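Novice: There's a structure below that I have some questions on.
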Amino acid sequence: MTREDKTASTEETVMAVRAAANPLIGPGDIVPSYPDWEVLGVFNAGVHRHGDETILLLRVAERPRQSDPAQVLVPVLNVEGSEAERLERPMTIVALDRDDAGLDFSDPRVVRDRAGQTLYLTSISHLRVARSRDGLRFDIDEWPTLLPAEAMEAWGIEDPRITWLEDRYYTTYSAVSEKGVAVGLASTADFATFERQGLILPPTNKDVAIFPERIGGKYWMLHRPVPEGLGSPEMWVASSPDLIHWGDHRFLMGLRPGLWDSARIGAGCVPIKTDRGWLILYHGADDQHNYAMGAALLDLVQPDRVLARMEQPLLTPEAEYETSGFFANVVFACGAVETGDEIVMYYGASDDTMAAATLSLKQIMARLA
């Protein structure tokens, strides 16, 4: 096997079967955090089984209702003043003039200056628990589970990934602020109360998924630094003695010009252990910002070694809820549930709804032979 671009010789087709109930959760299913706010999207959820329930830790993106067509209201966490003042007024609302020639509103997700620098996000995200007995019909908490809490999270917390490790569920997430995108860590035993471990990677980094067991006595993660000037947004691995201090960073897997993952790639779901290696379901995008999900296989004892990588994606935007929406042509998974041969992958569609698709582990592994 070659290190990175080895693909399977078999032609067996991997079929992703979308849930008939898709989309499973939409913005209208979420109670906003404030009465005068609106939910723009619910997507990119961390996933795990807890007892007899499927748990989704949803990313919920919301903002103040836009009451004046001449303005764009953007929310930012209030990090100024005393603790009492911050509790009394947790959010600062910034009013931007739509006719301001120095501002670019063309991307619905962000506000940029004319030089292309991001000045604000148009929404702020928090994490919220949803529970299901059948994996399709979810009861959603009325209140946020994890809210942005400090300056490095002033623009929101996003895209959680949940790993059961030893005796706790560890959740990594993107912590977003004007300083960039960092990586935070929180843990829980019951999805009711969380303990924050703080930032484990500085800006700019994201798409962190922690392996579900120690390898060679160390903890391991997939991560995706975002270099500027030199380099590309590609996948790396790192190791840690304690889940807090990470080092031994190694390049893992790169972009493939002309294919579906030619512009950026990053971890999707938490790695799945098989008898042949660690299966990773990862996301990629092309230069037209079309996001898809694919698969690769890593060595069980050397997780920085790629054994095989599928040339074709597992799931591409095809359904209406994937090809239209807040940010169209996106399928983006942060978690999956495996039972025998069946993998149920939960994914965000077009940055506004949650959906699910079932995959066969046997078919995927045949393509990674």
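Novice: (1) outside any strand (DSSP E or B); (2) open to solvent by less than 10 Å² (accessible area, probe 1.4 Å); (3) farther than 25 Å from Thr339 by Cβ: which one isn't true of Pro303, the others all being true?
Specialist: (3)
Novice: Could you pull out the residue among Val79, Val129 that is in contact (Cβ under 8 Å) with a residue 60 or more places away in the chain, within 27 Å of the chain's Cα centre (by Cα) and open to solvent by 30 Å² or more (accessible area, probe 1.4 Å)?
Specialist: Of the residues listed, the single one that is in contact (Cβ under 8 Å) with a residue 60 or more places away in the chain, within 27 Å of the chain's Cα centre (by Cα) and open to solvent by 30 Å² or more (accessible area, probe 1.4 Å) is Val79.
Novice: Let me ask something else. Residue by residue through region 286-297, note down the ones that are in contact (Cβ under 8 Å) with a residue 40 or more places away in the chain and either at positive phi or part of a strand (DSSP E or B) (or both).
Specialist: Matches in region 286-297: His289, Tyr291, Met293, Ala295, Ala296, Leu297.
Novice: Does region 339-369 hold any residues that are among the small types (Gly, Ala, Ser), touching an Asp or Glu at 6+ places or on another chain (Cβ under 8 Å), farther than 13 Å from Val17 by Cα and open to solvent by 10 Å² or more (accessible area, probe 1.4 Å), and which are they?
Specialist: Within region 339-369, the first condition is being among the small types (Gly, Ala, Ser), and the residues that meet it are 340, 348-350, 355-357, 360, 366, 369.
Pick out the ones that are also touching an Asp or Glu at 6+ places or on another chain (Cβ under 8 Å) and you get 349-350, 355, 360, 366.
Those still in the list that are farther than 13 Å from Val17 by Cα too: 349-350, 366.
Listed by number, the list holds a single entry, Ala366.
Novice: Kindly indicate whether Glu318 is over 21 Å from Ile162 (Cβ atoms), assigned to a loop (DSSP other than H, G, I, E, B) and either touching a residue at least 60 places away in the same chain (Cβ under 8 Å) or of a type in the set (Gly, Ala, Ser) (or both).
Specialist: Taking the combined requirement at face value, the residue does not satisfy it.
Novice: Going by the conditions given, is Gly102 at pLDDT below 95 and either open to solvent by 30 Å² or more (accessible area, probe 1.4 Å) or not acidic (Asp, Glu) (or both)? Spell out the reasoning first.
Specialist: Working: at pLDDT below 95: no; either open to solvent by 30 Å² or more (accessible area, probe 1.4 Å) or not acidic (Asp, Glu) (or both): yes.
The answer is no for Gly102.
Novice: Out of all the residues in region 308-321, is one or more among the basic types (Lys, Arg) and open to solvent by 30 Å² or more (accessible area, probe 1.4 Å)?
Specialist: Looking through region 308-321, none of the residues is among the basic types (Lys, Arg) and open to solvent by 30 Å² or more (accessible area, probe 1.4 Å).
Novice: Checking Phe327 against (1) open to solvent by less than 10 Å² (accessible area, probe 1.4 Å); (2) closer than 17 Å to Ala45 by Cα; (3) assigned to a loop (DSSP other than H, G, I, E, B): exactly one of these is not met. Which one?
Specialist: (1)
Novice: Of the residues Val60, Val42, Val76, Val47, which single one is more than 21 Å from Glu142 (Cβ to Cβ) and in a strand (DSSP E or B)?
Specialist: Only one candidate passes the filter, namely Val76.
Novice: Moving to a separate point now. Output the number of residues of region 23-72 satisfying the condition of being in contact (Cβ under 8 Å) with a residue 60 or more places away in the chain, polar (S, T, N, Q) and over 16 Å from Thr353 (Cβ atoms).
Specialist: 2
The rows are residues; the columns are (1) part of a loop (DSSP other than H, G, I, E, B); (2) open to solvent by less than 40 Å² (accessible area, probe 1.4 Å).
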| position | (1), (2) |
| --- | --- |
| Leu136 | yes, no |
| Pro148 | yes, yes |
| Tyr173 | no, yes |
| Ser187 | no, yes |
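The values are calculated or read from the model by the stated rules, or taken from the named source; none is laboratory data. Not measured: the values here are computed from a predicted model. In this analysis, Cβ positions are derived from the backbone assuming ideal geometry, glycine residues included, and neighbour counts consider all displayed protein chains. When the accessible area is computed, the model is the full protein with side chains, heavy atoms only, and any ligands, DNA or RNA have been set aside. Shrake-Rupley method; radii C 1.70, N 1.55, O 1.52, S 1.80 Å.
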